[in-house]
1. Calculated FRET efficiency, residue 33 and residue 90, Cβ-Cβ r, R0 35 Å, to nearest 0.05?
2. Give the range of the longest stretch in the chain that excludes all trypsin sites (Lys or Arg not before Pro) found in loop regions by DSSP and having at most 10 other beta-carbon atoms within 10 Å.
3. For segment 1-89, just run the numbers: alpha carbon Rg, then divide by 2.2 N^0.38 Å, N being how many residues it has.
4. Please count, across the chain, the pairs of lysine residues with Cα atoms under 23 Å apart that sit 8 or more places apart or on different chains.
Amino acid sequence: MECGIQVFMYTSTSAIAQKSYDDIIFANETWTLPENPVDGAAYSRTKKVGESLVLSANGQNGLLTVAIRLCTLFGEGDLALTKSMIEVVQNGRAKYHIGTGKNLYDFIYTGNAAEP
């Protein structure tokens, strides 16, 4: 606000709506957020705090804010997800799964996440 910014968009995460490893199906902004998302994982907790701060600033001194809750991102410069997935396959660990294997999980390319 001190810099004269009129609109601020915060990139949050869908993980803030997860209690643990439960499925999130048709979630929206009306869902009550768990006290400790994903069993208290630091990433989810800090994203939840950040989102709360950004949204609480909405309307103050003419500032408009929004938070978008994205799933896992991948793309250029990614040193975590893509590398880890390749290493899992190369090490022969991709042939195992835990549970029924029917759980759904989504990923989004960073360029598509930034598309207006």
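Throughout, read-outs are computed from the coordinates displayed, never taken from laboratory work. If you're wondering where the values come from, they're calculated on a predicted model, not measured in any experiment. Cβ sites come from the backbone with ideal geometry, for glycine too, and all protein chains shown count toward neighbours.
1. Values: r = 37 Å, r/R0 = 1.06.
Efficiency for this residue pair is about 0.40.
2. Numbers: sites that count: 93, 95, 102.
Counting only loop sites that pass the neighbour cut-off, the longest clear stretch is 1-92.
3. Numbers: Rg = 15.6 Å, N = 89, 2.2 N^0.38 = 12.1 Å.
Dividing the Cα Rg of segment 1-89 by 2.2 N^0.38 Å gives 1.28.
4. Details: 19/47; 19/48; 19/102; 83/95.
Taking the Cα cut-off of 23 Å, the pair count is 4.
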